[in-house]
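Here is the structure we will look at.
The values are calculated or read from the model by the stated rules, or taken from the named source; none is laboratory data. Keep in mind it's a predicted model, so treat the numbers as computed, not measured. Heads up, the Cβs are rebuilt from the backbone with ideal geometry, glycines too, and the neighbour counts pull from every protein chain shown. All accessible areas refer to the heavy atoms of the entire protein, side chains included, with ligands and DNA or RNA removed. Shrake-Rupley method; radii C 1.70, N 1.55, O 1.52, S 1.80 Å.
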Amino acid sequence: MKKVVKRTALIVIVVAAIIILINSLYTVKYNNYALVKRFGKVTKVDNEPGLHIKTPFIEDIQLVYSGTRVYDMPTSDVITKDKKSMIADDYVLWRVEDPIKYYKTLGAVDARAEERIDAAVYNATKNTISSMTQDEVIAARGVALTETITNEANSDMSEYGIIILTAEIKALDLPDDNKNAVYERMISERQNIAASYTAKGESEAQIIKNETDKEVTITIAEAEKNAETIIAEGEAEYMRILSEAYNDPAKADFYNYLRGLDALKASLKSNNNILMLDKNSELVKILYGTESETFVDPGNYPDDKEEATEAETTEKKETETTETTNTDTTENTESETTETSETTETTEKSSDSTEKTN
């Protein structure tokens, strides 16, 4: 009987020891706080991962996650400074910084913490956007707007032992009723900007074109001026060379002789031409080789009819003789004219070569 009692007492002691041991040990995981509470009051906070010891039956353990958490807030309507309505959709990254305050104020309940975060971030978003116009809000989207909202929201969270790492607007949209009006206004503004750039470009293009036209006009005018100067110099040089070529009487007579041949050749192109020449003209000298006195002065015609008849008879005979002589002389003159033309062409070619050389 004693043995049974001893065995039973031993078993009870072992079981009690196991229960005490179990209640004396607790484990702290990574990214967790372990709040050691004695009669509901936090006496110690363990955040080192591993196995820890507590007073059994007197102290309780409550674990609080110390890592970063994500809270996706519901969408909310906000009003800008210029009375434009916008829809903000935020998300928050937060974590527990002071587990004792977190336990005392919120009982370490995550739902209560999210309620406080929701209110703080909404107020911060509303206050920030209401102090800016719609254009300023759109321009500040990103880092600037996120930092402003985060800093203002954190001012209310420190008393709960919570820190908000990021309070960012993931979507900032317009209500459906004024979306089209805003889009049209934005399109109009962009078109005005594009038109101003186009006008500026056209103005600069016109300036460049005018300057180019001015330079072209100046260049052409200078080129024409230089060309006229060169032509005038060439003509002056030509006249100088020509003057030197016919400076002595022999060359001048030869030049007159050539000009007379050219005039005679031009006047005899048709068979029906009649030449009325002065007896002292150069053409008569060419035809007769000397000065001719066989022509009757038109001012010395006879007065009476008999003298006129005799004069006509005499004139006819002289004319026949003259035609015969003219025929022979014309043949000789044509051959001389041909030779003279060849000589003239040779002289002109020499003059052209002299001008080009100069």
Please state which one of ALA245, ALA223, ALA227 is in contact (Cβ under 8 Å) with a residue 12 or more places away in the chain and more than 30 Å from ASP135 (Cβ to Cβ). ALA245
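Mind listing whichever residues of region 13-38 are of a type in the set (Gly, Ala, Ser), open to solvent by 50 Å² or more (accessible area, probe 1.4 Å) and under 28 Å from VAL96 (Cβ atoms)?
At the first step, the residues of region 13-38 found to be of a type in the set (Gly, Ala, Ser) are 16-17, 24, 34.
In the following step, the residues that additionally are open to solvent by 50 Å² or more (accessible area, probe 1.4 Å) were identified as 17.
Scanning region 13-38 gives no hits.
Return the total of residues in region 192-210 being charged (D, E, K, R) and open to solvent by less than 60 Å² (accessible area, probe 1.4 Å). Before you say what the answer is, go through the steps one by one.
Initial filter on region 192-210 (charged (D, E, K, R)): 200, 202, 204, 209.
Next, only the ones that are open to solvent by less than 60 Å² (accessible area, probe 1.4 Å) stay: none.
Number of matching residues: 0.
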Does region 248-260 include one or more residues that are touching a Leu at 6+ places or on another chain (Cβ under 6 Å) and closer than 30 Å to ARG116 by Cβ? no
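Take GLY161 and tell me if it is at positive phi and surrounded by 12 or more Cβ atoms within 10 Å (Cβ to Cβ).
Details: at positive phi: yes; surrounded by 12 or more Cβ atoms within 10 Å (Cβ to Cβ): yes.
So GLY161 passes the test.
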Which of the strands (runs of 3 or more DSSP E) found entirely inside region 15-111 contain at least 1 residues meeting this: among the hydroxyl-bearing types (Ser, Thr, Tyr) and under 54 Å from the mean Cα position of the chain (by Cα)? 69-72, 76-79, 85-96
Considering only region 16-36, I want to know if a residue exists there that is modelled with pLDDT of 80 or more and among the hydroxyl-bearing types (Ser, Thr, Tyr). yes
Evaluate the following for LYS81: is it of a type in the set (Lys, Arg), surrounded by 12 or more Cβ atoms within 10 Å (Cβ to Cβ), modelled with pLDDT of 85 or more and over 23 Å from LEU106 (Cα atoms)? yes
So which residues in region 158-209 are assigned to a helix (DSSP H, G or I) and under 30 Å from GLY107 (Cα atoms)? SER158, GLU159, TYR160
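Keeping to region 131-148, report how many residues are open to solvent by 50 Å² or more (accessible area, probe 1.4 Å) and part of a helix (DSSP H, G or I). Working first, answer last.
Of all residues in region 131-148, those open to solvent by 50 Å² or more (accessible area, probe 1.4 Å) come to 131, 135-136, 138-139, 141, 143-144, 147-148.
Still in the running and part of a helix (DSSP H, G or I): 135-136, 138-139, 143-144, 147-148.
Number of matching residues: 8.
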Out of LYS279, LYS225, which single residue is at pLDDT below 80 and either open to solvent by 90 Å² or more (accessible area, probe 1.4 Å) or of a type in the set (Ser, Thr, Tyr) (or both)? LYS279
Near pairs, Cβ below 9 angstrom, 6+ apart or cross-chain, from region 101-130 (closer than 21 Å to GLU152 by Cβ) to any residue that is open to solvent by 70 Å² or more (accessible area, probe 1.4 Å) and basic (Lys, Arg): THR105/ARG112; THR105/ARG116; LEU106/ARG112; LEU106/ARG116; ILE129/LYS81; SER130/LYS81
Might you check whether a residue that is at pLDDT below 70 and in a loop (DSSP other than H, G, I, E, B) occurs anywhere in region 254-271? yes
Scanning region 130-153 for residues that are in contact with a Leu (Cβ under 9 Å, 6 or more places away or on another chain) and within 30 Å of ASP98 (Cβ to Cβ) gives LEU145, THR150
Candidate set: region 171-191, residues that are open to solvent by less than 100 Å² (accessible area, probe 1.4 Å) and not aliphatic (A, V, I, L, M); chosen: the one farthest from GLU152 (Cα to Cα): SER188
Looking at this structure, is ALA153 without any contact (Cβ under 8 Å) to a residue 24 or more places away in the chain, assigned to a helix (DSSP H, G or I) and of a type outside the set (Phe, Trp, Tyr)? no
Among (1) out of contact with any strand residue (DSSP E or B) (no Cβ under 7 Å at 6 or more places or on another chain); (2) closer than 29 Å to ALA181 by Cα, the one test that ASP118 misses: (2)
TYR160 vs. criteria in contact with a Phe, Trp or Tyr (Cβ under 8 Å, 6 or more places away or on another chain) and aromatic (Phe, Trp, Tyr): yes
